[in-house]
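Here the structure is laid out as structure tokens; the discussion comes afterwards.
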Amino acid sequence: MLRRCLALGAALILMAGLLTGCQAKAAESTVFAMDTVMSLTVYGGKGEEAVAEATELIYDLQNLLTATDENSPLYALNHAGGAWTTLDGDLLALLSDSQALCEKTGGALDITAYPAVQAWGFISKDYRVPGEEELTDLASRIDYAALELDLKGSRARLPEGMEVELGAVAKGYTGDRLAQLMAELGVESAIFSLGGNVQAVGSKPDGSPWRVAIQDPDGQGNLAIVEVTDKAVVTSGGYQRYFEQDGVTYWHILDPVTAAPARTGLQSVTVIGPEGLVCDGLSTALFVLGEEQGMAFWRDHPELGVELVFVREDGSVAITAGLEDSFTLGDGFTDREVQVLS
């Protein structure tokens, strides 16, 4: 019997304000966009205006970044039959940044894996396990380098049969854009929970860091809390979207090499850093790479300024050294083993 499960992203990482409470006046809103629940909280005199503009921006970005709407530019690109497609400048820039991140991760992140994601049923929710021959064919059509971008001509094209989907970076990019909007409006304290992503703007109104909770992959509560200021916190895990068939669990994070769910001994990866797009893409890529290769990547790229939390299949936790003073286990999890990696 096939069992289906889709965890709402809003349950993945909780906003710090909900954990500790904030006494300052807040403007708040909850929206459903990008297939997840998003919570917006802004402090200060411009809170109501900022929340309204943030909501409008989220819906604008949803329309721009979706691959399923027949009226969207990504849909047009994916169905152009190999022809050049004119694209909005913001979308073209995002495709360029995403492609660069794919290259930096050696293809562990690949924004052209969309046909494989569809084949497994993670878009339609009509879940199925493709056969080996089909997986081989799907894997042969995953190649971020085949996406051609003409930045001067504001156009892009893909070989016929390939498709781009930005789900691995869209919410991170949205967080970056929201932080930029808050800066433009003069907002110094805000926090946005965008499904599996949290974007912290500044600090809490009292000047203390935001406390962002990381969910236990087994669904038992908040495994840990990280304290952040002006940073994104993004988690990817196999427990977020998956199905079970014949006693085997299949999750939505696919290895581009095999077009099948990545299995590297991890339950989740959390990335904390200054850029939401980078944290979002890396959370997927490092899940695919696994802890050993993920740590090698971290050591090789200090310029990204990110810190990592690995939750292993046995429930133990590993964190990078930069989190020693800002990471604590949640209530009920203080007996978990935490290894500090450097």
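The values are calculated or read from the model by the stated rules, or taken from the named source; none is laboratory data. This structure is a prediction, so every number in the text was calculated from the model and none was measured. Note that we place each Cβ from the backbone using ideal geometry, even for glycine, and neighbour counts take in every protein chain shown.
Scanning the stretch 7-27 for residues that are modelled with pLDDT under 95, over 19 Å from residue 170 (Cβ atoms) and either in contact with a His (Cβ under 6 Å, 6 or more places away or on another chain) or polar (S, T, N, Q) (or both) turns up at least one hit.
Every residue in the stretch 50-92 that is free of Cβ contacts under 8 Å to residues at least 12 places away in the same chain, assigned to a helix (DSSP H, G or I) and under 21 Å from the mean Cα position of the chain (by Cα), please. Residues satisfying the conditions are 56, 60, 63, 75.
The residue pairs whose first member lies in the stretch 321-342 and is among the charged types (D, E, K, R), whose second member is in a strand (DSSP E or B) and surrounded by fewer than 15 Cβ atoms within 10 Å (Cβ to Cβ), and whose beta carbons are closer than 9 Å, counting only pairs six or more residues apart or on different chains, are 324/340.
In this entry, residue 268 passes the filter for residues that are in a strand (DSSP E or B), modelled with pLDDT of 95 or more and polar (S, T, N, Q).
Looking at the structure I just gave you, is residue 179 surrounded by 20 or more Cβ atoms within 10 Å (Cβ to Cβ), outside any strand (DSSP E or B) and either in contact with a strand residue (DSSP E or B) (Cβ under 8 Å, 6 or more places away or on another chain) or modelled with pLDDT under 95 (or both)?
Taking the combined requirement at face value, the residue satisfies it.
All of (1) closer than 23 Å to residue 113 by Cβ; (2) more than 16 Å from the chain's Cα centre (by Cα); (3) buried (at least 19 other Cβ atoms within 10 Å of the Cβ) hold for residue 149 with one exception: (3). Looking at the structure I just gave you, is residue 186 surrounded by fewer than 17 Cβ atoms within 10 Å (Cβ to Cβ) and in contact with a Pro (Cβ under 8 Å, 6 or more places away or on another chain)? No. When the stretch 263-306 is examined, which residues are found to be in contact with a strand residue (DSSP E or B) (Cβ under 7 Å, 6 or more places away or on another chain), closer than 24 Å to residue 178 by Cα and crowded, with 23+ Cβ neighbours inside 10 Å? 269, 270, 271, 272, 276, 279, 280, 282, 283, 284, 306, listed by residue number. Considering only residues in the stretch 42-75 that are closer than 17 Å to residue 199 by Cβ and among the β-branched types (Val, Ile, Thr), the one that is surrounded by the most Cβ atoms within 10 Å (Cβ to Cβ) turns out to be 42.
Would you check if residue 259 is on the phi > 0 side of the Ramachandran plot and crowded, with 18+ Cβ neighbours inside 10 Å? It is true that residue 259 is on the phi > 0 side of the Ramachandran plot and crowded, with 18+ Cβ neighbours inside 10 Å. Every listed requirement among (1) touching a helix residue (DSSP H, G or I) at 6+ places or on another chain (Cβ under 8 Å); (2) closer than 30 Å to residue 79 by Cβ; (3) of a type in the set (Lys, Arg) is met by residue 211 save one, (2).
Please verify whether the stretch 310-327 includes one or more residues that are more than 27 Å from residue 113 (Cα to Cα), in contact with a Ser or Thr (Cβ under 8 Å, 6 or more places away or on another chain) and either modelled with pLDDT of 95 or more or assigned to a strand (DSSP E or B) (or both). Reasoning before the result, please.
The initial filter retains those residues of the stretch 310-327 that are more than 27 Å from residue 113 (Cα to Cα), namely 314-327.
Adding the requirement that they be in contact with a Ser or Thr (Cβ under 8 Å, 6 or more places away or on another chain) leaves 320-321.
After this cut, where a residue has to be either modelled with pLDDT of 95 or more or assigned to a strand (DSSP E or B) (or both) as well, the list is 320-321.
Yes, the stretch 310-327 has at least one match.
Examine the stretch 96-115 for a residue that is over 22 Å from the mean Cα position of the chain (by Cα), crowded, with 18+ Cβ neighbours inside 10 Å and not in a loop (DSSP other than H, G, I, E, B), and state whether such a residue exists. No, the stretch 96-115 contains no residue that is over 22 Å from the mean Cα position of the chain (by Cα), crowded, with 18+ Cβ neighbours inside 10 Å and not in a loop (DSSP other than H, G, I, E, B). In the stretch 50-80, of all residues being at pLDDT below 95 and of a type in the set (Gly, Ala, Ser), the one that is nearest to residue 277 (Cα to Cα) corresponds to 67.
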